[in-house]
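Right, one structure below, let's go through it.
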Amino acid sequence: KYLHENRVNATLVQVIHQQVRSRLREVQRISEKDVLALEYISSTLRSELRFEIMGRQLMTHPLFHFYHSTNIFWCQRFLVNALDLAFLQPLDDIFLPTVPAFGCYCVMLGEVSYSQDPATSCIEVFEESTVGKGAWLSEAALWVDWKHTGQASATTKTELLLVHTEPFLKAVSLQQQILAITKSYSKQWYRAFLAAAPPKSIYPNDLAVPHTAWEEIVFCMDSFWRREISVQAFQEFKSKMGSLRLFLRAYGDLNQEIEKGKSFLVVCSTGEVERIVEVVVMDIRRSRDDRMLFQLGSVTDGEVSARCLRIGGKRRYAEPIENALARLIASRFDFLKDGLDLEQVGYKFERTRSEKSGLVTVYRRTVVSAEFDGELPLTKASPNAPWTRIQSRSSENARGQVPLWASTISVHFCSQPNDGGLNGAYFAWLTEAESSYFMSSTGNKDLLPFLESVGRPGGGMSMSMAVSSYDSLARRSAVIASLNAASNALATSQDRNDDDPENDNSI
């Protein structure tokens, strides 16, 4: 009757009737206000009950997880007052664009459709995406005066956890330690928020703010909170370790790294402990032929180890990029001090699982593109005076064979200072196909016998660099064809393990 009196369009009336009939048939979830018995229990017990129901999903956000590990009582008595639950039917709106936000949301069950339109968002074309359980929406509402940049709607039966901004900030102000970590976190979050703009990144939206991932925020925090967060994560890692022997072996390495600022530990959104390492990587291109410089391996006490790596190393805590590059070049890559022209900086992420500690390690690589137009201080070895051959103690099962095309690669050996050329590292200018092959699992096996065949400069050499050239002009054309075929067949095999937390060239 209401629709008829207001002369509502017949098509719309039909849609409304269908939705009403459908929802009346649905069994509705019981909400907290429907349970009258809850009025007869104490406020403390009621708070514990509410946190038991909502806390598990809240813990999927690493900041709230850290709150819980730091002060459970505060979470159960005060933080819980900022939480609420919402049950939505398909097509129910969660929020609309340009509307001020009053809190953030976490999807506990179901799916949410999120769309942005150029008319209301800083985008050029219409965009739509779907997020599921565990996704957080509109976290920006906790830290800034935020207006929604898109529309979010339930696509299925959906349960949402709400964190209301004003009650949350009031609860935070009641506990000094919680307030301190929140200030440190929000300061770094806000810094990333202000920097989020083209051309370096997209504008912030309700689903994401660039560079506000937990590990990125923690890396920028002061050393005290980095340490506290790492200790809390380490305690969780310790409790999950099945082998005490494995824990003791991993403890010394991890503790030393954390103390030196080489890495830190965090608990990620899945609850797994991850080791975070900041790495500076130099993509060094030779100007005359566009080959890239790679480290192929090293010799220590006569034992050769092989692994194809980009030039770089770990970045220390709060160390500027320029300082990190200067330190690495001065300490390990002195031969690059002349003729290196830095061009641009980018960022990449890579995840690997350590067989030694069992931890997932996240490498945040600061990639510095550079061009080298100088000449490496090297001397070619004579065919009549080859380098001294060396033999690895590696298992035969892990060994490959020297590829035919590898005879065209010129290998440079950089010895350690005051070492007489006995220990050092191998370097080579490689094409993209050559580096892709040697960084694959099969190519890595072939790299070891290749370096053994190269050997190292013999005794009595006082130079810091030497070169062994396996040029074979008669076979060069056939070799290039063989290289292309091998690299195409193995391009998809890129498994690189991180078995040594102290390895500065883990990327």
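The values are calculated or read from the model by the stated rules, or taken from the named source; none is laboratory data. These numbers were taken from a predicted model, which means no experiment stands behind them. Ideal geometry is used to build each Cβ from the backbone, glycine not excepted, and the neighbour counts take in all protein chains shown. What goes into the accessible areas is simple: the full protein's heavy atoms, side chains included, and nothing from ligands, DNA or RNA. Shrake-Rupley method; radii C 1.70, N 1.55, O 1.52, S 1.80 Å.
Taking the stretch 1-56 on its own, how many of its residues are modelled with pLDDT of 80 or more, aliphatic (A, V, I, L, M) and more than 24 Å from Asp92 (Cα to Cα)? Residues meeting the conditions: 3. Collect the residues in the stretch 291-331 that are of a type outside the set (Phe, Trp, Tyr), part of a loop (DSSP other than H, G, I, E, B) and at pLDDT below 85, keeping them in residue-number order. Asp301, Gly302, Arg315, Arg316, Ala318, Glu319, Pro320 - these are the residues of the stretch 291-331 that are of a type outside the set (Phe, Trp, Tyr), part of a loop (DSSP other than H, G, I, E, B) and at pLDDT below 85.
The residues on offer are Phe193, Phe219, Phe234, Phe224, and the sole one that is open to solvent by less than 80 Å² (accessible area, probe 1.4 Å), aromatic (Phe, Trp, Tyr) and modelled with pLDDT of 85 or more is Phe193. The residues of the stretch 86-112 that are under 32 Å from the mean Cα position of the chain (by Cα), surrounded by 15 or more Cβ atoms within 10 Å (Cβ to Cβ) and of a type in the set (Phe, Trp, Tyr), listed by number, are Phe95, Tyr105.
Quick check on my filter: what residues within the stretch 144-157 are in a strand (DSSP E or B) and either surrounded by fewer than 16 Cβ atoms within 10 Å (Cβ to Cβ) or basic (Lys, Arg) (or both)?
If the condition is that a residue be in a strand (DSSP E or B) and either surrounded by fewer than 16 Cβ atoms within 10 Å (Cβ to Cβ) or basic (Lys, Arg) (or both), then Lys147 is the only one that fits.
Selection of first residues in the stretch 331-347 that are over 19 Å from Thr366 (Cα atoms) and of second residues that are at pLDDT 75 or above and open to solvent by 80 Å² or more (accessible area, probe 1.4 Å), restricted to Cβ pairs under 6 Å at least 6 apart or on distinct chains, gives the following pairs, ordered by first then second residue: Gly339/Asp373. Restrict the check to the stretch 307-316 and report whether at least one residue is within 16 Å of the chain's Cα centre (by Cα) and at negative phi. Yes - at least one qualifying residue is present in the stretch 307-316. Might you check whether a residue that is under 24 Å from the mean Cα position of the chain (by Cα), touching a residue at least 12 places away in the same chain (Cβ under 8 Å), open to solvent by less than 40 Å² (accessible area, probe 1.4 Å) and over 30 Å from Glu26 (Cα atoms) occurs anywhere in the stretch 165-181? Checked against the condition, which is being under 24 Å from the mean Cα position of the chain (by Cα), touching a residue at least 12 places away in the same chain (Cβ under 8 Å), open to solvent by less than 40 Å² (accessible area, probe 1.4 Å) and over 30 Å from Glu26 (Cα atoms), the stretch 165-181 yields at least one hit. If the condition is being crowded, with 18+ Cβ neighbours inside 10 Å and of a type in the set (S, T, N, Q), then the stretch 114-143 contributes Gln116, Ser121, Ser138.
Checking each residue of the stretch 84-102 against the condition of being among the β-branched types (Val, Ile, Thr) and closer than 18 Å to Gly134 by Cα gives at least one match. Residues in the stretch 144-201 that are in contact with a Gly (Cβ under 9 Å, 6 or more places away or on another chain) and over 29 Å from Ser47 (Cα atoms): Thr155, Thr156.
Applying a threshold of 8 Å to beta carbon distances and a minimum spacing of six or more residues, or different chains, the list of pairs starting in the stretch 208-236 at a residue that is within 15 Å of Ser186 (Cα to Cα) and ending at one that is part of a helix (DSSP H, G or I) and of a type in the set (Asp, Glu) reads Val209/Glu139; Thr212/Glu139. Just one of the numbered conditions (1) assigned to a loop (DSSP other than H, G, I, E, B); (2) at pLDDT below 90 is not true of Asn205: (2). The C-beta contact set for the stretch 270-287 (first residue under 23 Å from Arg353 (Cα atoms), second residue among the aromatic types (Phe, Trp, Tyr) and part of a strand (DSSP E or B), distance under 6 angstrom, 6+ apart or interchain) comprises Ile276/Phe264; Val277/Tyr363; Val279/Tyr363.
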